[in-house]
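Undergrad: I'd like to ask some things about the structure below.
A short reminder: the numbers here are calculations on the coordinates, not readings from a lab. As the structure is a prediction and not an experimental result, all values here were calculated from the model. In this analysis, Cβ positions are derived from the backbone assuming ideal geometry, glycine residues included, and neighbour counts consider all displayed protein chains.
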There are 2 protein chains.
Amino acid sequence: MREAHLDAVGRVDPERLWRRLMEMARIGALPGGGVNRAAFSAEDIAARKRLVSWARALGCSVAQDAIGNLFIHRAGTDPRAAPVMTGSHMDSQPRGGRFDGIYGVLAGLEAIEAMERAGVRTRRPVEVVAWSNEEGGRFQPCTMGSAVHTGAKQLGEFLSVTDNDGVALGDALARTLAAMPDLEQRERKAPAAAYIEAHIEQGPLLELEGATIGVVTGIQGLRWFNVEITGETAHAGTTPLAGRRDALREAIDAINALRELTRDETDTVRFTIGRVLVSPNSPNSVPSHVLFSVDVRHPDAATIERLGSAVEPAVRSAVRRCSVAVNPTLTDDPCTFDPGVVAAVERAARTLDLPFRRMPSGASHDAMYMARVCPTGMIFVPCERGVSHNEAENAKPGDLAAGARVLAAALLELAD
Amino acid sequence: MREAHLDAVGRVDPERLWRRLMEMARIGALPGGGVNRAAFSAEDIAARKRLVSWARALGCSVAQDAIGNLFIHRAGTDPRAAPVMTGSHMDSQPRGGRFDGIYGVLAGLEAIEAMERAGVRTRRPVEVVAWSNEEGGRFQPCTMGSAVHTGAKQLGEFLSVTDNDGVALGDALARTLAAMPDLEQRERKAPAAAYIEAHIEQGPLLELEGATIGVVTGIQGLRWFNVEITGETAHAGTTPLAGRRDALREAIDAINALRELTRDETDTVRFTIGRVLVSPNSPNSVPSHVLFSVDVRHPDAATIERLGSAVEPAVRSAVRRCSVAVNPTLTDDPCTFDPGVVAAVERAARTLDLPFRRMPSGASHDAMYMARVCPTGMIFVPCERGVSHNEAENAKPGDLAAGARVLAAALLELAD
């Protein structure tokens, strides 16, 4: 690494980064220590204003696009060069943690501040983006800002989506955009030169292995299904078992079959039944209807395709006396990050003498959409016991700063 | 049978009984032909008001006790004599039928109306009771009204029980009691001289054998439990299965173990998981908490005792990483009805020349608690294909009237 770059990376300030994280954590703070900062809410707007004021203090210009993605722009020396981008999101789950998303935005800001303080000019501009509505907690689906930015989805598809209170996304978005009328409006969809997203791992592997940096190689593929089993309700005291069409009994048969299907000695397959609805849901009525969700993920394209295709046959062969419907609700193939960007992240970790491991991401991120339009990678840092989407989410200041240093080093390499 | 009694029995009117049944079936009517009349709901209150208005039109007084049991009183000639009681319940399963419970209440009312029209005075009073919350579909456990009336349980045990929406029984009960403030309030726990409950069979035997009347000899034993499994929520995409404390996964392990425990070649054991609640119940969150009900029944006292005692050990041995609580919510040993009352029912069926058979009851009924405090029996009438706890529940007007005639005859004999 060049001397000037090393100097800049050394100016990443753990205390400043932590202070900004804790200041953001007060916006939408929950009593249990987490945050509720729903997309396009008053809390989201407050966080946007805070971020913009920090960015402007660093001499950066800030723009927003039609879906409210914020772009913090640090100019490069070549006015025609495409920017190197970094960032993440500022919205949270309804009972989310203090680091999910916001860490990647503030780590990017910290990298810019470190460059500024070191007086390093890069050839390419460096941009920090705060993507709108990554969580999808208030307005579904998730990763909306990056999907629209990359052209994978059109904003018009989402304007009439409503939250649980009936508020339309279009109205909440309009209020958000109007809250900072002085921002430059930008419609640029031109690809960046590269994109790197820093994020807490949201899983336990780094902590378990004592690694500080996850060099993320891609995002695993996923298949979601809703399975509906329909039988017939009957009296639990009088109806012989042989005469029942018990929807719950056969749902459990189906789940047992799916467990067999997804059994994996290497513990790589992620198989989750997260949601179950039973009807009539009374102790002495044989259940007539059961709906359950299936979430299967795997980093390998052929494996997730094989598992996804096998879900419906496995369910159908397990269900004998009831009728069954298997509806796919989400299909994402695995994404593989750019070898050049992955190598740059790994090089940065090695140069800074930080213990690292290559790993896929279990969770989805905005980087998934960016990977379709430009060379992309991610940096993970450990979070306590892997707990995320939970108020108890926690991370160490030192690990967070280490991730920001790796980010700064990789951005500097890619921007030159 | 005395001439006056025969005259009264002959005045049981199939059409009037059917009309009242169909009028009640409109209260909480479901599109599929069934009813949803949950205990202490607006529909339950509407049914109570209808019943009280019919009772008063017959010149009866009506009282309610602290748990909302309704007592329709037809005076006898001996003011000190304990009453002969009959009745059943008016609440239904969430997707229940038009005859379960309500038939026994309206058959009792029909018996009183027949006596009234025949001008028969009995020595003992005749009382028709509508027991509160027999089904336990909304608030567990079931047969709550008769349990409290007979002193087997205390009302205070149940006031904080909540339904699936978090409404406390105490609040729903208070609204129900307040809906008819003009009713006499009664705390009488004194035993009746006898109790006879008429009910649809809820099983297929009478129909299969072409019998019109089931002379019920007793009720099989049952054990109910609520099993609560507590783990920890986690991100479904990132958390390896080996590191999860997945409450649903372990709940299914427990249910699989209970299936093994209750496996029975003779298909005599009744084993049902009817109710399952999952939290946070989101497709991409590992479940942290599962509650499920267990319902096990058997007619043999030693067998139900053995099975009931084995439930908690079976659950505990299946649950490995989560914590577990197994709470018995109902423990009923098999009950044998009074030979005198059983003989009176059989005599009535024989005198009226109705095909009958002696049989135990597979379902629990309020008669189980009454059998602890007074001579008790039951009368079954056929229901179509044995289907019950189901909107498709059906019965024939002629069979229902036959059951009401047997009831009237037996009440007249026991009240003299």
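Undergrad: Applying the Karplus parametrisation 6.51 cos²θ - 1.76 cosθ + 1.60 with θ = phi - 60° to the phi angles of region A:234-241, what ³J(HN,Hα) value in whole Hz is obtained for each residue in order, glycine and proline being reported as x?
TA: 7, 6, 5, x, 10, 8, x, 4
Undergrad: Going out from 0 in 20 Å bins, what whole percent of all Cα-Cα distances in the protein assembly as shown drops into each bin?
TA: Each 20 Å bin holds this share of Cα pairs: 15, 36, 25, 17, 6, 1.
Undergrad: Let's see if you can work this out: charge +1 on each Lys and Arg Cβ, -1 on each Asp and Glu Cβ, no other charges. What is the dipole magnitude of region B:127-177 about its Cα centre, in debye to the nearest 20?
TA: Its charge dipole is roughly 80 debye.
Undergrad: Can you give the angle from 0 to 90° between the axis of helix B:42-57 and the longest principal axis of chain B, with both taken from C-alpha atoms, to the nearest 10?
TA: 10
Undergrad: Long-range amide H contacts for A:Thr143: which residues qualify at under 5 Å (H placed 1.01 Å from N, peptide plane, sequence gap of 5 or more or a different chain)?
TA: Amide H neighbours of A:Thr143: A:Glu134, A:Glu135, A:Gly136.
Undergrad: At what distance in angstrom do the alpha carbon centres of region A:15-63 and region B:385-416 lie from each other?
TA: 70
Undergrad: Ok, one more. Say we join alpha carbon atoms closer than 10 Å with springs in a Gaussian network model of chain A; which of A:Phe337, A:Phe225, A:Phe139 then has the biggest fluctuation?
TA: Result: A:Phe225 has the largest fluctuation of those listed.
Undergrad: Amide H of B:Ala198: which non-local residues (sequence gap of 5 or more, or other chain) have their own amide H closer than 5 Å, using H built in the peptide plane?
TA: B:Gly87, B:Ile379
Undergrad: Can you work out the Karplus-derived ³J(HN,Hα) for every residue in region B:194-204? Use 6.51 cos²θ - 1.76 cosθ + 1.60 with θ = phi - 60°, whole Hz, and x for glycine or proline.
TA: Going residue by residue, I get 6, 9, 10, 10, 9, 7, 5, 5, 6, x, x Hz, with x marking Gly and Pro.
Undergrad: Let me ask you something else. Run the quick spin-label model on A:Arg186 and A:Ser53: label points 7 Å from Cα toward the beta carbon, then report their separation in nm to one decimal.
TA: The modelled label-to-label distance comes out at 2.2 nm.
Undergrad: From the backbone phi of region A:347-362, what are the Karplus-calculated ³J(HN,Hα) couplings (6.51 cos²θ - 1.76 cosθ + 1.60, θ = phi - 60°) in whole Hz, Gly and Pro given as x?
TA: My calculation for region A:347-362 gives 4, 4, 4, 5, 4, 7, 6, 9, x, 9, 9, 6, 7, x, 8, x Hz in order.
Undergrad: A follow-up question, please. Please get the size of the charge dipole for region B:221-332, origin at its Cα centre, with Cβ charges of +1 on Lys and Arg and -1 on Asp and Glu, quoted in debye to the nearest 20.
TA: The calculation lands at about 340 debye.
Undergrad: Using the Cα centre of chain A as origin and beta-carbon charges of +1 (Lys, Arg) and -1 (Asp, Glu), tell me which of A:Val128, A:Ala247, A:Pro31 is placed farthest towards the positive end of the dipole.
TA: Working it through, the farthest residue towards the positive pole turns out to be A:Val128.
Undergrad: State, to one decimal in nm and shortest first, how far the label point of A:Ala82 sits from each corresponding label point in the other identical copies (label point: 7 angstrom along Cα-to-Cβ).
TA: Spelled out, the distances from A:Ala82's label point are 9.2 nm.
Undergrad: Placing a label point 7 Å from Cα toward Cβ, how far apart in nm is A:Ala325 from its equivalents in the other copies, listed shortest first to one decimal?
TA: Listed shortest first, these distances are 3.7 nm.
Undergrad: Under the definition of partner shielding as Cβ atoms of other protein chains within 10 Å of a residue Cβ, what is the mean value for peptide B:223-233? Intermediate results must be reported in sequence, preceding the final value.
TA: Details: counts 0, 3, 1, 1, 0, 0, 0, 0, 0, 4, 6.
Averaged over the peptide's residues, the number is 1.
Undergrad: Would you mind working out the magnitude of the charge dipole of chain B relative to its Cα centre, with +1 at each Lys and Arg C-beta and -1 at each Asp and Glu C-beta, to the nearest 20 Debye?
TA: Values: 46 positive and 53 negative charges, 78 e Å.
With Lys and Arg at +1 and Asp and Glu at -1, about 380 debye.
Undergrad: Further, regarding this structure: Using alpha-carbon positions, what is the distance between the centroids of region A:262-332 and region A:106-163, in Å?
TA: Centre-to-centre (Cα) distance: 33 Å.
Undergrad: Now for a separate question. Rank A:Gly151, A:Gly403, A:Gly96 by mean-square fluctuation in a GNM of chain A with C-alpha springs under 10 angstrom and give only the top-ranked residue.
TA: The residue that fluctuates most here is A:Gly151.
Undergrad: Relative to the longest principal axis of the C-alpha atoms of chain B, give the angle of the C-alpha long axis of helix B:247-262, reported between 0 and 90° and rounded to the nearest 10°.
TA: Once rounded, the angle reads 60 degrees.
Undergrad: Let me ask something else. With an 8 Å Cα cut-off and a minimum separation of 6 or more residues, compute the relative contact order for chain A in percent. Can you show the working numbers first?
TA: On the way: 970 pairs, mean separation 100.1, N = 416.
Relative contact order of chain A: 24 percent.
Undergrad: Per-residue counts of other Cβ atoms within 10 Å, averaged by peptide: what ranking do you get for B:193-204, A:13-24, highest first?
TA: Going from most to least packed, we get B:193-204, A:13-24.
Undergrad: Please find the FRET efficiency linking B:Asp267 to B:Lys396, where r is the Cβ-Cβ separation and R0 is fixed at 25 Å, and quote it to the nearest 0.05. Could you put the intermediate results ahead of the total?
TA: Numbers: r = 27 Å, r/R0 = 1.10.
For R0 = 25 Å, the calculated efficiency reads 0.35.
Undergrad: On a straight-distance basis, which aspartates and glutamates could pair with A:Lys153 in a cross-link, Cα separation under 20 angstrom, same-chain partners fewer than 8 positions away excluded?
TA: Partners found: A:Asp65, A:Asp91, A:Glu134, A:Glu135, A:Asp163, A:Asp171, A:Glu187, A:Asp332, A:Asp333, A:Asp366.
Undergrad: So, one more: For the protein assembly as shown, what is the mean residue ellipticity at 222 nm derived from helices alone (per DSSP H run of n ≥ 4: -39500 (n - 2.57); sum divided by total residues; nearest 500 deg cm²/dmol)? Let's see the in-between values first.
TA: On the way: 24 runs with 286 residues, N = 832.
Only helices count here, giving -10500 deg cm²/dmol.
Undergrad: If you take the charge dipole of region B:303-387 about its Cα centre, with +1 on Lys and Arg Cβ and -1 on Asp and Glu Cβ, which of B:Phe356, B:Leu307, B:Ala344 is farthest toward its positive end?
TA: B:Leu307
Undergrad: Nearest 10 degrees, 0 to 90: what angle lies between the long axis of helix A:397-414 and the longest principal axis of chain A (Cα atoms)?
TA: That helix lies at roughly 70 degrees to the long axis.
Undergrad: Can you list the residues, at least 5 places off or on another chain, whose amide H is less than 5 Å from the amide H of B:Ile213, using H built in the peptide plane?
TA: For B:Ile213, the qualifying residues are B:Phe356, B:Arg357.
Undergrad: Then there's this: At A:Leu208, with labels set 7 Å past Cα in the Cβ direction, how many nm apart are the copies from this one, shortest first?
TA: 5.3
Undergrad: In a Gaussian network model over chain A where Cα atoms closer than 10 Å are linked, find which of A:Val120, A:Val278, A:Val215 has the largest mean-square fluctuation.
TA: Ranking A:Val120, A:Val278, A:Val215 by mean-square fluctuation puts A:Val278 first.
Undergrad: With unit charges on the beta carbon (Lys/Arg positive, Asp/Glu negative), name the residue among B:Leu106, B:Pro328, A:Ser285 whose Cα is farthest towards the positive pole of the charge dipole of the protein assembly as shown.
TA: B:Leu106
Undergrad: Test of understanding: ordering B:Ser132, A:Ser317 by Cβ neighbours within 10 Å, fewest first, what list do you get?
TA: Numbers: B:Ser132 32, A:Ser317 11.
Listing B:Ser132, A:Ser317 from fewest to most nearby Cβ atoms yields A:Ser317, B:Ser132.
Undergrad: Assuming R0 = 56 Å, can you tell me the calculated FRET efficiency for the pair A:Asp353 and B:Ala179, based on Cβ-Cβ distance, to the nearest 0.05? Could you put the intermediate results ahead of the total?
TA: Details: r = 75 Å, r/R0 = 1.35.
FRET efficiency, A:Asp353 to B:Ala179: 0.15.
Undergrad: What is the average number of partner chain Cβ atoms found within 10 Å of a Cβ in B:92-98? List each step's numbers first, then the result.
TA: Details: counts 0, 6, 6, 8, 5, 2, 0.
Average neighbour count from other chains, rounded to a whole number: 4.
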